[in-house]
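To start, the structure under review is shown below, and the notes come after it.
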Amino acid sequence: MSLSKCSVLLLLSIIFVSGCTKKTSDQSPVVQQLNNNSENLLKDVNALLHTEASHIVMGNFTGDSTRQVAAIVEINKKEEKISFCLIEIKDAKLEKKNETQPLDGSLKDCKIEKINLPGISNDLVYYNSQIYFMGSNSGEVFSYLVDFKTQKTYYAHLVSEPRKPEYLYMSKTDNPEIRKYFIDIFRKDYPAFKITSKDRIIN
C-alpha cells in the first residue's frame, strides 16, 4: 500500500473516531444513569435548581407517561423555608415544570416519600418535618401533601404546648382521603390530639 493511501486511511479513521466521540459527549448522562446512579441524578437536579442540596423522589406525579422527579429544596435555611419542584425527564434533558410557593419546613430530620391515595390516579409527595421544640418546650410539626397534577398543596400543622393537648390544623379540602391520611398519620404519634379550625402560631 502506498504512503499516500495510508495517509488517506489514517485521516478518515481520525475523522470517524472524533465524530463518534462528539456524538457520545453530546448525550446527557441523566437518562443513561437514572436506573443505576441516583447520586448523579441528584447532582444534575441540584445543578438545574441552582442549589447545593435537595431531596428527590421519582414517580408519576401528573398521571401521564412522562418520567418525573419531585425535588424538595431548602430555599432559606435561616428562616426554614422549603419548596417543591416538579422536574420532567424528556429527550435526555431535565426540565423544571412547576414549583410551589415557599413553605415552612426544613430538610433536616424530615420525612419525604411518594404516596398513593384511593381515587387519585397520580402520585403525591408527602412531607413531614418531624417534631421540633422551641425554648419553651413547645413543639410543632409541619406536613404537606403536594398534588402536581392539580397544582394544589394540602397542609397540616400540629402544635404541642406544655400542659395543653396537641392541636392539629388541616387546610380545607374536598377530598376526604387527604383529610383521612393526615389524621391517620398524626394519630400514630399523637393519639390524643384535637382538631382545630384555626391554625395556631407558636411565638
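The values are calculated or read from the model by the stated rules, or taken from the named source; none is laboratory data. On a predicted model such as this, the values are computed, not experimentally measured, just so you know. Ideal geometry is used to build each Cβ from the backbone, glycine not excepted, and the neighbour counts take in all protein chains shown.
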_Where Lys114 falls short, out of the listed (1) over 25 Å from Cys85 (Cα atoms); (2) within 25 Å of the chain's Cα centre (by Cα); (3) among the basic types (Lys, Arg); (4) modelled with pLDDT of 95 or more_ = (1)
*Residues (more than 20 Å from Ile202 (Cα to Cα) and at pLDDT below 95) located in the stretch 121-144*: Ser121
*Being among the hydrophobic types (A, V, I, L, M, F, W, C), out of contact with any strand residue (DSSP E or B) (no Cβ under 8 Å at 6 or more places or on another chain) and modelled with pLDDT under 90 narrows it down to one of Ala53, Ala47, Ala92, so name that one.*
Ala92
_Unmet requirement for Tyr154, which otherwise passes all of (1) loosely packed, with under 13 Cβ neighbours inside 10 Å; (2) closer than 17 Å to Asp104 by Cβ_ = (1)
_Given the condition in contact with a His (Cβ under 7 Å, 6 or more places away or on another chain) and under 21 Å from Thr62 (Cβ atoms), answer yes or no: does some residue in the stretch 99-119 qualify?_
yes
*How many residues does the stretch 170-184 contain that are within 22 Å of the chain's Cα centre (by Cα), surrounded by fewer than 17 Cβ atoms within 10 Å (Cβ to Cβ) and assigned to a helix (DSSP H, G or I)?*
1
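Would you be able to tell me the number of residues in the stretch 102-120 that are out of contact with any strand residue (DSSP E or B) (no Cβ under 6 Å at 6 or more places or on another chain) and farther than 18 Å from Lys180 by Cβ?
Taking the stretch 102-120 as the starting set, the residues that turn out to be out of contact with any strand residue (DSSP E or B) (no Cβ under 6 Å at 6 or more places or on another chain) are 106, 108-110, 116-120.
Now restrict to residues that are farther than 18 Å from Lys180 by Cβ: 106, 108-110.
Summing the residues that are out of contact with any strand residue (DSSP E or B) (no Cβ under 6 Å at 6 or more places or on another chain) and farther than 18 Å from Lys180 by Cβ in the stretch 102-120 gives 4.
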*Out of Asp174, Asp104, report the one residue that is touching a residue at least 24 places away in the same chain (Cβ under 8 Å), more than 16 Å from Leu86 (Cα to Cα) and charged (D, E, K, R).*
Asp104
*Identify the single condition in (1) closer than 18 Å to Val69 by Cα; (2) in contact (Cβ under 8 Å) with a residue 24 or more places away in the chain that Lys152 does not satisfy, given that it satisfies every other one.*
(2)
